[in-house]
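Working notes, beginning with the structure itself.
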Amino acid sequence: MRQMWRMCGRIFLGMIALGAVAFVASAKADNPHEFTVVNIEYEGTKVFVPSTLVVHKGDTVKIKVINNIKSEPPNHGFAIPDFNIEEVVNRGETKTVEFTADKAGVFDIKCHLHPAHVHGQLIVLQ
Ligand SMILES: [Cu+2]
């Protein structure tokens, strides 16, 4: 009986240790916020995948942008005007943008070269 209690105690301590590791790992992954956004063409429409990015105010946001659109033209933009982000990404290329989300709200993400390109949004939570 005593041995069984001791074993239960060990399992309990093990669970606490695992929980602590998971907490540290998630805290580490939370800042900076890193995303990969792929620019694709789906049935003739150009979209960013994922198109909605959610962060918290004060976060350092890092976005890796990949231009995977096979049709012409070979260049597409990635812009978040409210945070002065504006990049041109060539086909098959990757560019990384980094900024601090210093204001809360919903902000437009667009290809500044082609207005028809479906917009995305950056949601900065308070
Ligand atoms: Cu475009």
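The values are calculated or read from the model by the stated rules, or taken from the named source; none is laboratory data. On a predicted model such as this, the values are computed, not experimentally measured, just so you know. Cβ placement follows ideal geometry from the backbone for every residue including glycine, while neighbour counts extend to all protein chains displayed. All accessible areas refer to the heavy atoms of the entire protein, side chains included, with ligands and DNA or RNA removed. Shrake-Rupley method; radii C 1.70, N 1.55, O 1.52, S 1.80 Å.
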inquiry  = Any residue that is at negative phi and at pLDDT below 95 - is there at least one of those in the stretch 89-105?
reply    = yes
query = Which residue pairs have Cβ atoms closer than 7 Å, lie 6 or more positions apart in sequence or on different chains, and pair a first residue in the stretch 39-54 that is exposed (fewer than 12 other Cβ atoms within 10 Å of the Cβ) with a second residue that is in a strand (DSSP E or B) and not acidic (Asp, Glu)?
reply = Thr52/Gly120; Thr52/Gln121; Thr52/Ile123
ask   = When both residues are 6+ apart or on different chains and their Cβ atoms are under 9 Å apart, which pairs have a first residue that lies in the stretch 60-78 and is within 13 Å of the ligand (Cβ to nearest atom), and a second that is in a loop (DSSP other than H, G, I, E, B) and open to solvent by less than 40 Å² (accessible area, probe 1.4 Å)?
value = His76/Ile69; His76/Cys111; His76/His117; Gly77/Cys111; Gly77/His117; Phe78/Cys111
Extreme residue, nearest to the chain's Cα centre (by Cα), among residues of the stretch 79-97 that are within 13 Å of the ligand (Cβ to nearest atom) and not basic (Lys, Arg) = Ala79
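Pick out the one residue from Ile109, Ile123 that is open to solvent by 20 Å² or more (accessible area, probe 1.4 Å) and either assigned to a strand (DSSP E or B) or under 15 Å from Val61 (Cα atoms) (or both).
Just a single option satisfies the conditions, and that option is Ile123.
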ask   = If you scan the stretch 39-59, which residues turn out to be within 15 Å of the ligand (Cβ to nearest atom) and either over 16 Å from the mean Cα position of the chain (by Cα) or modelled with pLDDT under 95 (or both)?
value = Ile40, Glu41, Tyr42, Gly44, Thr45, Lys46
